[in-house]
Each structure stands twice: as C-alpha cells, then as structure tokens.
Amino acid sequence: MELTQITNHTTPFYYYNLDLLERTVQSCKNEAEQYKFHVHYALKANANPEILKSIVNAGFGADCVSGNEVLRAKENGFPNSKIVFAGVGKSDAEINAALQTDIFCFNVESKQELEVLNELAGIQHKTAAIALRINPNVNAHTHHYITTGLEENKFGINHWELEDVIQLVKSCEHIKLIGLHFHIGSQITDLSVFKSLCLKVNEFVTWFEERNIAIQIINVGGGLGIDYVNPDENAIPDFHAYFKLFHQFLTVKSHQEVHFELGRALVAQSGTLISKVLYIKEGLQTNFAILDAGMTELLRPALYQAYHKIENLSNTDLSQKKKYDVVGPICESSDCFGKAVELPITKRGDYIAIRSAGAYGEVMRSGYNLREHNPCFILKHNIKL
C-alpha cells in the first residue's frame, strides 16, 4: 500500500481492496461451478454494503444468523430464494420477519425451535422450508471458541434426538423438511477434517433415506481457513482442493444439491485495519507500541488470541528492528494485537497495518469506552500491501 493512499484519512479505519475481493470470489465461483455446488455467503463475516455488492454480483446466496442480517441481505440484492436463516437462538420477531420475506430455508437447531417455527408459520398461513442442523460430533481442530460441531457445543441437534425430531416434523403441518445442515467450525486449515465431515454426512443422509425421508439439500456449512501468517503469498484460499475433496468423498444423488456457507475465506484477506502509533513506551523487558486502534476496532486478538500480521507502513527498513507489544488504547489488558512483534524501529505517528482483517473485524466493532468509528476506505483496484 502506498502511504499517500492513506494519510488523508483519519485513523483508525478499515481499508478494503475490492480487486482482491473480486478475484477471490471469482476463484470460489469457478471452482464450485465445476461440481454444480451452491455457495451462500456468511454475512456474519462482513456485512459492509460494498463487500456485499461484489458477492451479489457473483450470484451467491446469503447465509444469515440474525433477523437484521436477513434484512441486510435483502436490502443489498440477495434474492429471497437464496437466503438461508441459521442460528441457535432465533427470536419470534426474527422468525416472523423471515417468514414474511419468504426466504429459501430455515436451518433449525432444536426440537423447540421446530415447534415455534411451525406455530408462527401457521399464524401467517405459510409453510416454512427447513433443513435440520445436525451435530455430527466432528472435531474441527481449531480454536475451541470457534468449534461448533462437537456434542459439547450448543449448536445443532444430536444424533440421539433424531427419531423424536422426525416424529415431530411429521406432525408439523406448516413445516417442509428439504435438507440437512452441518457446520463444524471456523478457520479450518486441515482439509482432512472436511473428509471426516463428508463421511459423517453420508451416514446421516443414509439414515434418513432408510426411513423414506427424501433429502434434497445437503448443506455442509463453511469453515475454510485462510493464511494469516503469509497474506501476500497465499492471498486466495485453495478453493480447488476444498471443493474437490467434497466432490470425492460426499455421496450425492442426482436429485440432491450441495450447499456451502463460506465467509472468512471470501473476504478476510481483502481487509486491513489501518492505525497510527500514538506513543512508544520503552521498558526494561517490554517495549509497547500504543495504537489509536484497539479491541473496539478488531476484537479477534482479545477474544481468542487470534494472530494477525502487523506491518509498519511508515518505516520498512528491516536492517534495524525491535520487538514491541502492539496494543490499543482501551482500558483492558486484553487490548493487545500482538506480543513481541518484530518491527522496524517504530515511532509516534507511524502508520501500522493489521492484515487479514476483512472477516470478523469491522462487523464486530463496538462503542466500548464510547469509541467513535471512522468510515471505511474502499479501494477499487489492486495495490500491493
């Protein structure tokens, strides 16, 4: 990134490279289309309207986990027929709004949710299409805060509940079961995990078919990770290997569709948090670079010690380096972007880039400490960071 591109903007702010975003989305689309796979974008990763515009243009659907995400998807051009509503705790108001929108499918996560959805759909004289989210008990081998497919997690219906759930579905007059939904976690970089998921999915689909229940949609969720350590060398995830694995190990019949819910893999590398150094504190053992960005702008490092590559844009001379704890101004000791980060000699006023922040960055911002937020800076062509 050229320094002149950012010095006219008040820090901290998010910088988005739409050229990289569009190339990433196109790569995903090309690889998915080889196998006639359907992709829904997970709005929880980033709901910036400029980001959504690129994804809508690719023809992807929307994966939503709140009523406002359903509304945001509709407002930004996602067709109702491609909007899926997931989430373990849908409120009555959110369900009613989604029913009125005539979305494609609800991913149902419990017996009680099934009963509530049936009741609310009946009041509106509608039939709700559903996919049952099943907990496959597959370990995603990722951080425990972003693991979602184990029996100890709050998500999904466990296998021992399925007989009761099927009987309940049959008794619900305003429910139509069209598919099964699975999601095991996020930031998964070991593709063998997805092979384990495929084998489990095959077992569950067979279980339903043995009971003469047709499954039209097989939704395998998302979770494909990115390279936070080498964002330039591996800017676009290996969608070829990812989709090929599902094609190889997932048993799909001619009447069935395979759906994915990808978020981070599509948008993470296109976003960078730009900040400025407020102060340098030098200590006997630890040097601190105190930024004007904090956990209110990027929560991931404080929430689950996530790694983001940190660069000094003002000084790129690597012949002299120091280690810094790169921290924010928030009154919390957890407000830290990285410990012992090796940087060129850094001083007050230097511009700092926190890379790979396009997913779960801007969308998770908060007003803690009554912080205000600056607008994002959108770049429509490619400039190397």
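The values are calculated or read from the model by the stated rules, or taken from the named source; none is laboratory data. Predicted model only: the values in this text are computed from it and were never measured. Neighbour counts run over all protein chains shown; Cβ positions are idealised from the backbone, glycine included.
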message: Can you tell me which residue is surrounded by the most Cβ atoms within 10 Å (Cβ to Cβ) among those in the range 1-36 that are among the hydroxyl-bearing types (Ser, Thr, Tyr) and in a loop (DSSP other than H, G, I, E, B)?
response: 11
- prompt: Out of (1) on the phi > 0 side of the Ramachandran plot; (2) touching a helix residue (DSSP H, G or I) at 6+ places or on another chain (Cβ under 7 Å); (3) surrounded by 14 or more Cβ atoms within 10 Å (Cβ to Cβ), the odd one out for residue 97 is which?
  reply: (1)
task: Check 117, 132, 99 and return the single one that is within 23 Å of residue 75 (Cβ to Cβ), modelled with pLDDT of 95 or more and either assigned to a loop (DSSP other than H, G, I, E, B) or assigned by TED's automatic domain parsing to the domain that holds residue 164 (or both).
output: 99
- prompt: Given the conditions (1) assigned by TED's automatic domain parsing to the domain that holds residue 299; (2) more than 30 Å from residue 312 (Cα to Cα), which single one is not true for residue 57?
  reply: (1)
Some residue of the range 37-60 being crowded, with 20+ Cβ neighbours inside 10 Å, part of a helix (DSSP H, G or I) and in contact with an Asp or Glu (Cβ under 7 Å, 6 or more places away or on another chain): yes
- prompt: Looking at the range 274-323, which of the residues that are surrounded by fewer than 19 Cβ atoms within 10 Å (Cβ to Cβ) and hydroxyl-bearing (Ser, Thr, Tyr) is farthest from residue 377 (Cα to Cα)?
  reply: 286
message: Condition first: more than 25 Å from residue 221 (Cα to Cα) and either under 20 Å from the mean Cα position of the chain (by Cα) or not basic (Lys, Arg) (or both). Now tell me which residues in the range 122-136 satisfy that.
response: 122, 123, 124, 125
message: Considering only the range 32-49, I want to know if a residue exists there that is in contact with a helix residue (DSSP H, G or I) (Cβ under 9 Å, 6 or more places away or on another chain) and more than 29 Å from residue 244 (Cα to Cα).
response: yes
message: Name the residue that is surrounded by the most Cβ atoms within 10 Å (Cβ to Cβ), counting only residues in the range 193-213 that are touching a helix residue (DSSP H, G or I) at 6+ places or on another chain (Cβ under 8 Å) and not in a helix (DSSP H, G or I).
response: 213
query: Which one is nearest to residue 218 (Cα to Cα), of the residues in the range 176-197 that are touching a Ser or Thr at 6+ places or on another chain (Cβ under 9 Å) and small (Gly, Ala, Ser)?
result: 185
message: Name the residue that is nearest to residue 58 (Cα to Cα), counting only residues in the range 234-257 that are in a loop (DSSP other than H, G, I, E, B), in contact (Cβ under 8 Å) with a residue 40 or more places away in the chain and touching a strand residue (DSSP E or B) at 6+ places or on another chain (Cβ under 8 Å).
response: 237
